[in-house]
Every structure is written in C-alpha cells, then in structure tokens.
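Below you'll find the structure, written out as structure tokens, and then a few comments.
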Amino acid sequence: MATITTKQAPLLPAPSGRAGFGGTLRSEFTKIGSVRSTVWTLLVLFAVSVGIGAVASRVSATGWSNTPPADRTPLDATQVSMVGLLVLGPLVIVVLGALVLTAEYSTGMIRTSLIAMPRRGVIYVAKAVAFAAVALVTSLATALTAFFLGQALLASTHQSATLAGPGVLRAVLGTALYITLCGLFAFAAAAVIRNTAATITAMIGLLFVLPVLVNVLPWGWRDDLVRWLPTSAARAISATVWNAGPQNSHLFSQWGQFAVFAVYTVVLLVAGGILVRKRDA
C-alpha cells in the first residue's frame, strides 16, 4: 500500500523590530511623485512664477528708461524679478499642501497607510518632511530661475543685482523658504480640518483676504496688526532695499518678520500632529 508523504512548508522567520521612519519617508516620496496632479501643480508654480517675474522685470526696465533721473525711486531688482513667486506662489503651494494630506482621507487610502505603518505620528512627520523637501527644492529652483531671468531683463537699467550683492542671496533663499512655509502651513491646517475645500478656503482667507482687510483699518490699528500677519514675512524677507521709513517702521527685522510666520507654522504643525494621533481615520 502506497504511503503518502507531505512536505511541511518552511516556517517564515518571526517578525521582529518596528516599521521605521526611513521606509515610511521613502513611501511618502513615492506617493508624492506618483500623483500626476503633483507634477502638474509644481510645473504651474514654476511657469507662472517665472513668467510673471519676467513680465514685471521687463515692464520695470521700460518704465525706468522712460523716467527722468530726478524722479526715479530705488529699484529693488531682486524683489521685482521674484514678484510672481511671492504673489501667486503661495496660492499654488497651499493647494498642494492641502492635497498631500486630505487626498488620503477623502479616498480612504489613509487606512491602508495606517495598516502598513500603525504609528500615526511617524506617518505625519514623514509626510511633512517629504512635502517640505519637494516644496523647498521646487521653490528654490523657481526663485533662482526667476531671479537670473529677471536680472537679465533689468540689465539696461544698470540696477540689476547679483547673488553677491547685499542681501540678495538672503532674499532669494528667504523667498523659497517662505513658499515652503506656506505649503507646510496648509499641510498642518489640513491635518486639523481634514477637508480639501475647507482647508484651501481657510488658507485663502488667512494669506490673501486678511491682509486686505487689515489694510482698510485706521492707520494706528493697521500698524499694530500688520507685523503679526503671515504674509508680512514675504514682504520683509524678499527685500534688498530696506529703509526705516513709514512703510517699514512698524515691521520687525527681515528675519524677525519671517520668524513670526515660522512660529505660526510650527504651532499648527504640532496641533495637527496631536489631532492625527487622537482622531479616527
């Protein structure tokens, strides 16, 4: 009588250790890079910012040539070349910052992410770091491109700047950091609100509508409030022509004004991380 023998499947090694931050970070970079809307959003940020900066530089050069020397005011060539990134860059980057987090909640993919990495704090920090790295690289490349193109267009004014000029490198790097902060601010708000439309609406209100409302207040109130606005960081950090006149006397120093927005962002990031850990997916 034949004897039937069966082979026992080899035992897999027992799982050990914990899922690490490095693997989670690589996963988040993959998620950001694999979403088509991310690529298109970053391309729009680059193209629109560089394009508007080039137009502004060309118009400034033409106006400068047609203005009598006695009527010319100091030209901040660095700020002119990056005006597109300063004005419209925040609008584009806050949309991406919101989507990085809310997209997973709206589709339910956050549950899959939590199965792969149950430690919510690790996922949150990895998402923030991956997004900040992408935003910083993109905004820095955009700022440098807009700067060099703008200075070439402003060469005829003999007011064009170089990176070695006083405050120029700080203005270029600071502008890129400001755009990155705007994105992280929206990312943190998305962790609190967890709704794409509501997050973007809140960011538009804080970064675009609130400064307009403050500007219509009486002078005394406006001067007291404007230094605490997040958007005042852009005006200060991107300037290379800085004076103590009425326009700037009520602001903090350039890096001090930037620090105000940085503190807001850190506080909101901490609040978002706490809520991500406590609330259900």
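Could you say whether any residue in the stretch 140-158 is buried (at least 24 other Cβ atoms within 10 Å of the Cβ) and within 24 Å of residue 197 (Cα to Cα)? Break it down stepwise before answering.
Start the filter on the stretch 140-158 by keeping residues that are buried (at least 24 other Cβ atoms within 10 Å of the Cβ), which leaves 142-143, 146-147, 150.
Subsequent filtering for residues that are within 24 Å of residue 197 (Cα to Cα) retains none.
No, the stretch 140-158 contains no residue that is buried (at least 24 other Cβ atoms within 10 Å of the Cβ) and within 24 Å of residue 197 (Cα to Cα).
Do the conditions hold for residue 259, that is, is it out of contact with any strand residue (DSSP E or B) (no Cβ under 9 Å at 6 or more places or on another chain) and modelled with pLDDT of 90 or more?
Values: out of contact with any strand residue (DSSP E or B) (no Cβ under 9 Å at 6 or more places or on another chain): yes; modelled with pLDDT of 90 or more: yes.
Yes: the conditions hold for residue 259.
Residue 169 - would you say it is touching a Leu at 6+ places or on another chain (Cβ under 7 Å) and surrounded by fewer than 17 Cβ atoms within 10 Å (Cβ to Cβ)?
Numbers: touching a Leu at 6+ places or on another chain (Cβ under 7 Å): yes; surrounded by fewer than 17 Cβ atoms within 10 Å (Cβ to Cβ): yes.
Yes, satisfied.
Restrict the check to the stretch 23-40 and report whether at least one residue is closer than 18 Å to residue 144 by Cβ and buried (at least 18 other Cβ atoms within 10 Å of the Cβ).
Residues of the stretch 23-40 closer than 18 Å to residue 144 by Cβ: none.
No, every residue in the stretch 23-40 fails to be closer than 18 Å to residue 144 by Cβ and buried (at least 18 other Cβ atoms within 10 Å of the Cβ).
Picking from 107, 112, 102, which residue would you name as being of a type in the set (Ser, Thr, Tyr), more than 23 Å from residue 22 (Cβ to Cβ) and at pLDDT below 75?
Answer to the check: 107.
Within the stretch 119-127, identify whether any single residue is of a type in the set (A, V, I, L, M), within 16 Å of residue 25 (Cα to Cα) and surrounded by fewer than 20 Cβ atoms within 10 Å (Cβ to Cβ), and answer yes or no.
Yes, because at least one residue in the stretch 119-127 is of a type in the set (A, V, I, L, M), within 16 Å of residue 25 (Cα to Cα) and surrounded by fewer than 20 Cβ atoms within 10 Å (Cβ to Cβ).
Does residue 240 meet the test of being modelled with pLDDT of 85 or more, polar (S, T, N, Q), in contact with a helix residue (DSSP H, G or I) (Cβ under 6 Å, 6 or more places away or on another chain) and closer than 19 Å to residue 73 by Cβ? Before you say what the answer is, go through the steps one by one.
Working: modelled with pLDDT of 85 or more: yes; polar (S, T, N, Q): yes; in contact with a helix residue (DSSP H, G or I) (Cβ under 6 Å, 6 or more places away or on another chain): yes; closer than 19 Å to residue 73 by Cβ: yes.
Against the criterion (modelled with pLDDT of 85 or more, polar (S, T, N, Q), in contact with a helix residue (DSSP H, G or I) (Cβ under 6 Å, 6 or more places away or on another chain) and closer than 19 Å to residue 73 by Cβ), residue 240 qualifies.
Per-residue answers, yes or no, for (1) surrounded by fewer than 14 Cβ atoms within 10 Å (Cβ to Cβ); (2) of a type in the set (Val, Ile, Thr); (3) over 25 Å from residue 123 (Cβ atoms):
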site: 188; (1), (2), (3): no, no, no
site: 215; (1), (2), (3): yes, no, yes
site: 226; (1), (2), (3): no, yes, yes
site: 230; (1), (2), (3): no, no, yes
site: 239; (1), (2), (3): no, no, yes
site: 251; (1), (2), (3): no, no, yes
site: 254; (1), (2), (3): no, no, yes
site: 267; (1), (2), (3): yes, yes, no
site: 270; (1), (2), (3): yes, yes, no
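Residue check: is residue 35 at pLDDT 75 or above and of a type in the set (Val, Ile, Thr)?
Details: at pLDDT 75 or above: no; of a type in the set (Val, Ile, Thr): yes.
No.
Mind checking which helices (runs of 4 or more DSSP H) fall wholly inside the stretch 146-262 and carry at least 3 residues that are farther than 25 Å from residue 128 by Cα and over 16 Å from the mean Cα position of the chain (by Cα)?
210-215, 219-226
Show me the helices (runs of 4 or more DSSP H) entirely contained within the stretch 29-121 in which 2 or more residues are more than 15 Å from residue 142 (Cα to Cα) and in contact with a Phe, Trp or Tyr (Cβ under 9 Å, 6 or more places away or on another chain).
Result: 89-107.
Search the stretch 28-54 for residues that are within 25 Å of residue 126 (Cα to Cα) and pair each with any residue that is among the basic types (Lys, Arg) when their beta-carbon atoms are under 9 Å apart and the residues are at least 6 apart or on different chains.
That search, which allows pairs on different chains as well, returns 28/127; 31/127; 32/127; 38/31.
Which residue out of 194, 235 is of a type in the set (Lys, Arg), on the phi > 0 side of the Ramachandran plot, at pLDDT below 95 and surrounded by fewer than 22 Cβ atoms within 10 Å (Cβ to Cβ)?
Working: 235 fails: on the phi > 0 side of the Ramachandran plot.
Being of a type in the set (Lys, Arg), on the phi > 0 side of the Ramachandran plot, at pLDDT below 95 and surrounded by fewer than 22 Cβ atoms within 10 Å (Cβ to Cβ) holds for just one of 194, 235, which is 194.
The values are calculated or read from the model by the stated rules, or taken from the named source; none is laboratory data. What you see is a predicted model; the values in this text were computed from it and never measured. With ideal geometry, Cβ positions are generated from the backbone for all residues, glycine too; neighbour counts draw on all protein chains shown.
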